[in-house]
Amino acid sequence: MEDSRVEAELVLFSAIDSLFEKTDLKPIDVDMLVVNCSVFSPVPSLVAMVMNKYKLRSDVKSYNLSGMGCSAGLISIDLARDLLCIYPNSNVIVISTEIITPNYYEGNEREMLLPNCLFRLGGAAILLSNKCHERHRAKYKLIRVVRTHKGSDDKSYNCIHQEEDHEGNLGIKLSKDLSVMAGDALKLNIMTIGRSVLPLFEQITFVVNLVGTKIFKLKWKRYIPDFTKALDHFCIHAGGRAVINEMQKNLGLSDEHIEPSRMTLHRFGNTSSSSLWYELNYIEAKGRMKKGNRVWQIALGSGFKCNSAVWRCNRTIEPPTHGGPWADYIDRYPLSVQEVVKL
């Protein structure tokens, strides 16, 4: 427990300190706080830990989300958006992390050993605001959040499961059905978000293909909508190489589109819900984020869930000259797919 608390303080406080430095925000300016972490839920809570460290106001509305998997970051963003719709002239800080110390698996079950190899320490802090005078400073505007939950299906519910093995060792078991369940959740999410971001021609072509193959049983090749006509950048949860490959195939994306996810997995491992923000920072560090660009964040997590968010860039973002997770490494990337596989 003590080691887990030390890890949590390291991640949370480092991320918040960096956020305060970059935004010139003061603790007294924080109106709402959302923290998400799946497997570590201490008493007092992580959000209380932050409140105590920074001596936040007693009327700050605070929320601690646990047990919601790698896609919890976008659930936190959805919650923050709803709060901002209710409370005007407010600032919300969202912190996404995963504390891995208490969930290191010490047994020998193969399906439970994989998380030990994938998951790594990481976290991100994000500031959202609906204050009018902050508009000129904001990097992005949130366009849409879509949440898909397949928990009513038994296979989806059990494909990522925290349990004990036959020797009593606690760990997270990844089912062989994981890829299939992820694909099903992704398809439902795509169908929902596609209606709001895709050009009309792409929507009509997709519907005609779906009706022809499902209802009239025509032997047409499945049509994959071209999301690159509506979106400029893609941040796909760096859950593992197989997950990234499957997402690239299902969405029909190029290696360049999938580059932020591959490089994030290579450099940082699976940092759970914070991986999307490492990927977004990769795009910024490469100088690729231009005014008007739209970026799609897609996250998969236990439950089983697929959550996604679309942001529009308010201004061209210059690569940071110092600081940030990629500061000392960005010139080494991208590696080729072959190099990533070899390493």
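The values are calculated or read from the model by the stated rules, or taken from the named source; none is laboratory data. These figures come from a predicted structure and were not determined experimentally. Cβ coordinates were reconstructed from backbone atoms using ideal geometry, including for glycine residues, and neighbour counts include every protein chain displayed. Areas reflect the complete protein model, heavy atoms only, side chains present, ligands, DNA and RNA absent. Shrake-Rupley method; radii C 1.70, N 1.55, O 1.52, S 1.80 Å.
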Report task. Among the residues of region 196-220, write down those that are touching a strand residue (DSSP E or B) at 6+ places or on another chain (Cβ under 9 Å) and loosely packed, with under 14 Cβ neighbours inside 10 Å. Result -> 196
Requested in this report: For residues that are in a loop (DSSP other than H, G, I, E, B) and surrounded by 15 or more Cβ atoms within 10 Å (Cβ to Cβ), scanning just region 330-343, find the one that is modelled with the lowest pLDDT.
Outcome: 335
Query - Near pairs, Cβ below 8 angstrom, 6+ apart or cross-chain, from region 73-94 (under 14 Å from residue 141 (Cα atoms) and at pLDDT 95 or above) to any residue that is open to solvent by 70 Å² or more (accessible area, probe 1.4 Å) and not hydroxyl-bearing (Ser, Thr, Tyr) - result: 78/147
Query raised in the report: Out of region 130-157, which residues are within 21 Å of the chain's Cα centre (by Cα) and either more than 30 Å from residue 311 (Cα to Cα) or assigned to a helix (DSSP H, G or I) (or both)?
Result: 156, 157
Query raised in the report: Just checking, which of 306, 313 is touching a Gly at 6+ places or on another chain (Cβ under 8 Å) and either open to solvent by less than 30 Å² (accessible area, probe 1.4 Å) or among the hydroxyl-bearing types (Ser, Thr, Tyr) (or both)?
Result: 313
Query raised in the report: Hey, any hits in region 41-57 for a residue that's hydrophobic (A, V, I, L, M, F, W, C), more than 16 Å from residue 122 (Cβ to Cβ), outside any helix (DSSP H, G or I) and open to solvent by less than 20 Å² (accessible area, probe 1.4 Å)?
Result: no
Query - Any hit, region 268-278, residues being modelled with pLDDT under 95, part of a helix (DSSP H, G or I) and open to solvent by 20 Å² or more (accessible area, probe 1.4 Å) - result: yes
Query raised in the report: Which one of 205, 228 is closer than 30 Å to residue 292 by Cα, touching a helix residue (DSSP H, G or I) at 6+ places or on another chain (Cβ under 8 Å) and not in a loop (DSSP other than H, G, I, E, B)?
Result: 228
Report task. Evaluate region 204-215: report whether one residue or more is free of Cβ contacts under 8 Å to residues at least 60 places away in the same chain and within 19 Å of the chain's Cα centre (by Cα). Result -> no
